[in-house]
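Nothing in this text is a laboratory measurement; each read-out follows from the coordinates by a stated rule. Computed from a prediction, not measured in an experiment: that's the story for all the values here. Every residue, glycine as well, gets a Cβ built from its backbone with ideal geometry; the counts of neighbours run over all protein chains shown.
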Amino acid sequence: MQLILREYLASLNERNELDALLPDLLSQMGLEVFSKPGIGSRQYGVDIAAYGSIDGEVSKVYLFSVKGGDLGRKDWNSGSVQDLQPSLDEIITVYIPTHLPSEYKNFPIEICICFGGDLNENVRLNVTQYEERNSTDLISFSEWGGEKVALYIEKYLLKEELVPKKFRRLLGKSLALLDEPDVSHKNFLKLIQMLIDVDIQKGSEVVKAIRQLNIVLWILFSWCRESGNLESAYLASELTLLYAWDLSKPYLEKKSKAANAIRKTLNAIQCLNYQISMSYVDTKIVPHTNKLYALSNAVAPSCNVDVNLKMFDILGRLSLTGLWASWFIQHLPQEDVELCQKARHELRQYQDAVKQLINNNPILLTPYKDDQAIDITIAFCFLALSQENDKYIHDWLLTLVERIGFNFRTHSHYPCNLNSYHELIEYPIEKTAQYREEITAGSILYPYLAMFSALLGFDDVYGKVQELKTELLSHCNFQIWYPDEMTESDLYLNKSNHGATLSDVCIDKGKEEFLEQLFTECDESNSFDELTANKFGRWPLVFVACRHYRVPVPIHFLKDAGIASGEL
């Protein structure tokens, strides 16, 4: 565990990673953190300031100056204002005399030189001489390297009396099996479930649990980032966010110290999930979407089913990252025009990447599984944020419906209800109408395609779906899924089946009547509005849960969010 934590700490960047972890660690150690990393204001060398007693020592003021990775000569005093020695000088000459809060002025001060890795030998003498030269009766120095911080993490955040011994075994398995993402993911799921097994009524236990979730996800991400394989981190980040949200729900509206800590750490996990998602799509997906068949070929398939399943999975991931990007844009300070413009530019780049992904990987026009409607819906919701994409959406949907119709008529790979991989690689085993009816008994795909077309006024596409229903799918039960009173308790952890289904959806009528049929059902229940993800403005969480657990996306998003006018 010490090795795992040390390698994790050494891989963290200084800003928004190592300095984001330390306040939580210090709080768990019993210190009062009264100054945290800030952006845009002078800190005079102090990244974090805390007061209290560590391991029974006399109470002190602890002033941290933080550097990422190993501390070497170029980080100590190479002439840059970001070097460590100038920061320490500012602490002594400016921060302590002028910025230290008055209530702490009479206490001893310990200046903590903090770095995630090791202190290199080529600078050790410089650091030691500096500490001896500037130590006084009031001011002392200490070095918080990766080994010391790892020891404190293990002692205060991952204590054996709080976490069963098998915790270490599960984390070790998750890290050791990064090249087998599915197995790593299963072990990480067991780890998460073990960590959240706390008394929900005790805020202090929930705080510890959610902080531990944040740290173990950081550890996994850092190892994945070092190995260049982000698959396990991506899957784990979705799970961690969903479990953390479910654990935090009782504290989202409470006013207490524990509730504040829970909300803060929950926000950190959400940001980490977004960071992992962006790392995945920006390094593994987006650079290759503009190349014909590049991503399809990268699947290294044993058969075309492998390509189909993975490409629709990528379509959902890329589009979901785009939806998160749109959410973050909504929460940016609008007065920061430059930042908002940059974020909107990145959002358009993601939309272009989705369109390039579809154009250069034609297998995305032939869904093999009916539940790939989930990924198509996420992509539609993302592209429909901008009316500039309406023509592209029209052409995409039209080609999609025509390809599906062709595959049906030729008994080729049409959307089916099979879920088992070995069944998928063998289908269609018969080119008969009877067999086709057996594996297409129900569908969520076609009602969603019809709904998209009706919302955006694509009469030709809507008519094509009607033709499919009349000529080839008269036996098929068209269905729409709606949240029910059990969805809030079961959605984020996938505890059991939940939701209600509108069966035998009729698309024979005109577009207006069809939409009225669907959206009237939305008005009959407030279960969607009662989802905590929606009540607290974190609507992308619903998309995360739907994508991860393969639950249809609620059509309320299309009804209430103004998709037809390009507003979400």
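In order along the stretch 242-253, the phi-based Karplus estimate (6.51 cos²θ - 1.76 cosθ + 1.60, θ = phi - 60°) of 3J(HN,Hα) comes to 5, 5, 5, 4, 4, 5, 8, 3, x, 10, 5, 10 Hz; Gly and Pro are listed as x.
Report, in degrees rounded to the nearest 10, the 0 to 90 angle that the Cα long axis of helix 459-471 makes with the longest principal axis of the chain. With rounding to tens, the tilt is 60 degrees. Working from label points 7 Å from Cα in the Cα-to-Cβ sense, the S420 to S102 distance is 7.7 nm. Toward the positive end of the charge dipole of the chain, with +1 on the Cβ of Lys and Arg and -1 on the Cβ of Asp and Glu, the farthest Cα among L385, L398, L295 is that of L295. Among C224, C303, C546, the ranking by other beta carbons within 10 Å of each residue's beta carbon, starting with the fewest, stands as C303, C546, C224. Between amide H atoms placed 1.01 Å from N, distances below 5 Å from G442 occur with N477, all of them 5 or more places distant or on a separate chain.
Straight-line cross-link reach from K36 at under 16 Å between alpha-carbon atoms covers these aspartates and glutamates, not counting any fewer than eight positions away in the same chain: E14, E17, D19, D24, D47.
Across the stretch 311-326, coupling constants 3J(HN,Hα) worked out from phi with the 6.51/-1.76/1.60 Karplus curve, θ = phi - 60°, read 5, 5, 4, 5, 4, x, 5, 4, 5, 5, 4, x, 5, 4, 4, 5 Hz, and Gly and Pro carry x. For the chain, the longest principal axis of the C-alpha atoms and the axis of helix 390-409 are separated by about 50°.
Relative to the Cα centre, what is the charge dipole magnitude of the chain, using +1 at the beta carbon of each Lys and Arg, -1 at the beta carbon of each Asp and Glu, and rounding to the nearest 20 debye? Numbers along the way, then the final one.
Values: 55 positive and 77 negative charges, 192 e Å.
Dipole about the Cα centre, nearest 20: 920 debye.
A Förster radius of 30 Å, combined with the Cβ-Cβ distance separating C303 from S227, puts the computed FRET efficiency at roughly 0.65.
With θ taken as phi - 60° and the Karplus curve 6.51 cos²θ - 1.76 cosθ + 1.60 applied, the whole-hertz 3J(HN,Hα) list for the stretch 124-130 is 4, 5, 4, 5, 4, 5, 5 Hz, x standing for glycine and proline. Contour minus end-to-end for D352 and D523, with contour as 0.36 nm per residue of separation and end-to-end as the Cα-Cα distance? Extending this stretch completely gives an extra 58.1 nm. The slack in the chain from K155 to D137, taken as 0.36 nm per residue of separation less the alpha-carbon distance, amounts to 3.5 nm.
Too long at a 29 Å Cα-Cα cut-off: which of K190/K284; K495/K535; K249/K355; K173/K310? Provide the component values of the computation, followed by the final result.
Details: K190/K284 27 Å; K495/K535 21 Å; K249/K355 36 Å; K173/K310 25 Å.
Violating the 29 Å limit, Cα to Cα: K249/K355.
Only helical DSSP H runs with n ≥ 4 go in: add -39500 (n - 2.57) per run for the chain, normalise by residue count and round the 222 nm mean residue ellipticity to 500 deg cm²/dmol. Present the calculation step by step, with values, prior to reporting the outcome.
Details: 25 runs with 301 residues, N = 568.
Helix-only estimate at 222 nm: -16500 deg cm²/dmol.
Summarising the amide proton neighbourhood of L119: residues at separation of 5 or more, or on other chains, whose placed amide H is nearer than 5 Å comprise L71. In this structure, R409 and L125 have a Cβ-Cβ separation that, at R0 = 60 Å, corresponds to a calculated FRET efficiency of about 0.15. Residues whose amide H comes within less than 5 Å of that of W144, counting only those at least five positions distant or on another chain, are I113, C114, F115 (H built at 1.01 Å from N in the peptide plane).
Positive contributions from Lys and Arg (+1) and negative ones from Asp and Glu (-1), summed over other residues with Cβ under 12 Å from the Cβ of H185, come out at -1.
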